[in-house]
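These notes are about the structure you will find just below.
The values are calculated or read from the model by the stated rules, or taken from the named source; none is laboratory data. What you see is a predicted model, and the numbers here were worked out from it, not measured in a lab. All Cβ positions, even for glycine, are placed from backbone atoms using ideal geometry, and neighbour counts span all protein chains on display. For the accessible areas, the whole protein counts, side chains as well, though only heavy atoms, and no ligand, DNA or RNA atoms are used. Shrake-Rupley method; radii C 1.70, N 1.55, O 1.52, S 1.80 Å.
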Amino acid sequence: MFSNYGFMIVPFVVYLIAATAETNRAPFDLPEAESELVAGFHTEYSGFRWALYFLAEYANIFVVSAVGVTLFWGGWLRPFPSVAWLAKPLNYGVPVLLFAASGAMTFPLVKRLRDPIQQKVLLGVVLLLFAIAGLFAIPAVNDAIIGLFWFLFKVSFIIYMMIWFRGTFPRYRYDQLMNIGWKVMIRWVWRR
């Protein structure tokens, strides 16, 4: 185990910036720039082929996030794994509360739907969320799947951050990106 987690923040931030650029997410989506350019697969493909491009893009985001979780966030371990008294509250409390609260918040939406088929499907989702919460309360099942829960929970948080970046940050123009790359970053590297 690392004795100083604080020093891992800087490499993680660098990794997250590089991962955002590698997955062609805003503000680094200059080759695509679907809001500005009318070219590429956005206009050439539609339907199933277009869906495969975006499926590959989001699969790439999942893989990059999984590597980041494995390298920097402890993979399948719970937060603060060396603190013994946090084992039961984090391993039992967090998943049970997360799935039970998700089911409880989804249940009022069942009444709002007018289509009976949609009501039955959403009611099935609510019951599934409560069943998953119940499974995490069983100690033998919890011991078997808690590592997968923490891994997917952390991966989903990084995916959320990347989607949030896309909705928050504006896209650089080509000249701005070249200015940052050539004038700012290279000058910073040469000073070191």
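Summary table below
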read-out	value
Span per principal axis, largest first, for the Cα atoms of the range 120-184 (Å)	58, 32, 11
Cα-based helix-to-principal-axis angle, 94-112 vs the chain, degrees rounded to 10	90 degrees
Matching label, percent of Cα pairs over 30 Å apart computed from the structure shown, candidates [x] 17; [y] 43; [z] 29	[y]
Computed helical MRE - 222 nm, the chain, DSSP H runs ≥ 4 contributing -39500 (n - 2.57), nearest 500	-21500 deg cm²/dmol
Computed FRET value (nearest 0.05) for Leu77 with Thr106, which takes r as the C-beta separation and R₀ as 22 Å	0.15
1.4 Å probe accessible area per residue over the chain, in Å²	70 Å²
Heavy-atom accessible area ranking, 1.4 Å probe, most first, across Lys88, Lys154	Lys88, Lys154
Accessible-area composition of the chain, carbon plus sulfur, in percent [1.4 Å probe]	72 percent
Those lysines that a straight Cα-Cα span of less than 29 Å connects to Lys111, excepting residues fewer than 8 apart in one chain	Lys120
